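Asker: Please see the structure below; I have some questions.
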Ligand SMILES: [Fe+2]
Ligand SMILES: [Fe+2]
């Protein structure tokens, strides 16, 4: 299904066949553009950026690259191809034909899932809006903007579902997406992690590595949905998400590489003095972003999550590849808990702890990139190993929240400690004010093609086979 770019709203869903929906979305479009101008990237709206745009939704060659001004980016509605005779593949409705319309009894639950996912998309654009002012290169500036326009498109994806399938309350929810803002005291974004600023580029790379990866796991679970339009929407969003995680993994990798080069040239203690970010600081940022991203998976035990599964609305990661009955009525799943000061593994009903399973899969995936980062360090002959912190470290949501542990805390190594030990040591584990001030102090814009800030190595290769000194953003 080709994408129709003649239309005011590019789409591959035959939007012109549904006048009511088309009119509703065309009425939302100017509000979206106004939001983009006010809450999207500061400055650079008038500059040409080397962006990719979807041209078709099949796996090869969906992208077209060219210089575009961001407000002219062709945001639209792209769904993956329908699967013939697709079924509901899990839960109580397993085996029934997949739903092409919202099942009436699940309307409220489904809307809530879509709104929660949709809200994170514009939130991240808002969180990152100042970063363009301090980009370490034109290459990185372009990558930031690519991520931003695609998060904007992800909002379009969810708004299409709200407008197309939920009538009046869907339209109201779509409007509210543009009224809540990240960090707004009166109307904040729905999830806590999306109300924090992304204050510097190390945080941006960590965010795209860890938090966009949460997005990947949420989208992959929604791609299993028995509600077919949601499934198809999420399947195409996942192809865009891969690039965001690439930006994160290579960004952190390049920071590490520069730290290693400076260590070998000037000694371990000179990295900061020479304008680099030392590996212990990288570890602290990693600890922070991994732990807050773990929280995004919700409580270990969740009736809502169990219901979403049983109703056939949100599956497990790669549901159809799992070898079981896909109903989980009698299945068990192990979860880690604190029993006093000791960790114990308990078995619980697999449905009740379905969040925990997704969190486990996410954590394994996170570990893969950390191993590749450690290879960079090894290649430089440096004796330092980055580690994911223990899953109970610095958690705010679920059973490891201090309110639920009787005041106990957990160190990155998984040692259960009292509050006093936490107070004494947390500055070694999480970025301190001084660490953050140091990193922010390094953030100076580099705007000459082919030049890179001193704290980050150039990328191994450019975007779309362009050289690394290509003019990814035309500033004049
Ligand atoms: Fe997204
Ligand atoms: Fe993303």
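Asker: By its C-alpha gyration tensor, with a ≥ b ≥ c as the square roots of the eigenvalues, how is the stretch 1-49 shaped: rounded for a/c under 1.5, else prolate for a/b larger than b/c, else oblate?
Answerer: Oblate, because a/c is 1.5 or more while a/b does not exceed b/c.
Asker: Pairs of alpha-carbon atoms within less than 8 angstrom and 6+ residues apart define the contacts here; what relative contact order does the stretch 202-328 have, in percent?
Answerer: This gives 37 percent for the stretch 202-328.
Asker: So, one more: Which of the three applies to the stretch 36-112, rounded, prolate or oblate, going by the alpha-carbon gyration tensor with a ≥ b ≥ c and a/c under 1.5 meaning rounded?
Answerer: oblate
Asker: Related question: Please state the relative contact order of the stretch 15-474 as a whole percent: Cα pairs under 8 Å, 6+ residues apart?
Answerer: About 19 percent, as a whole number.
Asker: If you don't mind, another one. Could you give the length gained on full extension between residue 307 and residue 4, defined as 0.36 nm per residue of separation minus the Cα-Cα distance, in nm?
Answerer: Going from the current span to full extension adds 105.3 nm.
Asker: While we're looking at this one, here's another question. As a check on your grasp of the helix formula, calculate [θ] at 222 nm for the chain: sum -39500 (n - 2.57) over DSSP H runs of n ≥ 4, divide by the residue count, round to the nearest 500.
Answerer: -15000 deg cm²/dmol
Asker: Let me ask something additional. Figure the gain on full extension for residue 107 and residue 401 (residue separation times 0.36 nm, minus the Cα-Cα span) and round it to one decimal in nm.
Answerer: Extending this stretch completely gives an extra 102.7 nm.
Asker: Right, here's the next one. Can you pull the one-decimal nm distance between simple spin-label points at residue 33 and residue 379, each 7 Å off the Cα toward Cβ?
Answerer: 4.5
Asker: Roughly what would the spin-label model give for residue 56 and residue 84, points 7 Å off Cα along C-beta, in nm?
Answerer: Taking the simple label geometry, residue 56 and residue 84 are separated by 1.9 nm.
Asker: Roughly how many whole Å is it from the C-alpha centroid of the stretch 432-453 to that of the stretch 138-161?
Answerer: So the two Cα centres are separated by 23 Å.
Asker: Among 196-206, 250-260, how do they line up by average Cβ neighbours within 10 Å per residue, starting with the highest?
Answerer: Ranked from most to least packed, the peptides come out as 250-260, 196-206.
Asker: Okay, next question. For the peptides 170-177, 339-346, what is the packing order when you average, over each peptide's residues, the other Cβ atoms within 10 Å and list the highest mean first?
Answerer: Most protected by this proxy first, the peptides run 170-177, 339-346.
Asker: Express in nm, to one decimal, how much length is gained between residue 321 and residue 420 on full extension, taking 0.36 nm for each residue of separation and deducting their alpha carbon distance.
Answerer: Taking 0.36 nm per residue and subtracting the Cα distance, the gain is 31.0 nm.
Asker: Note down the nm distance, to one decimal, between modelled labels 7 Å out along Cα→Cβ at residue 64 and at residue 387.
Answerer: Going by the 7 Å Cα→Cβ label model, 5.1 nm.
Asker: What do you get when you divide the Cα radius of gyration of the chain by 2.2 N^0.38 Å, with N the number of residues?
Answerer: Taking N as the residue count of the chain, the ratio is 0.99.
Asker: So, one more: If R₀ is 56 angstrom, what is the calculated FRET efficiency for the pair residue 175 and residue 266, using the beta carbon separation as r and rounding to 0.05?
Answerer: With a Förster radius of 56 Å, E is 0.55.
Every read-out reported here was derived from the displayed coordinates using simple, explicitly stated rules and does not represent laboratory data. Values in this document were obtained by computation on a predicted structure and should not be read as measured data. Positions of Cβ are generated from backbone atoms using ideal geometry, with glycine treated the same way; all protein chains shown enter the neighbour counts.
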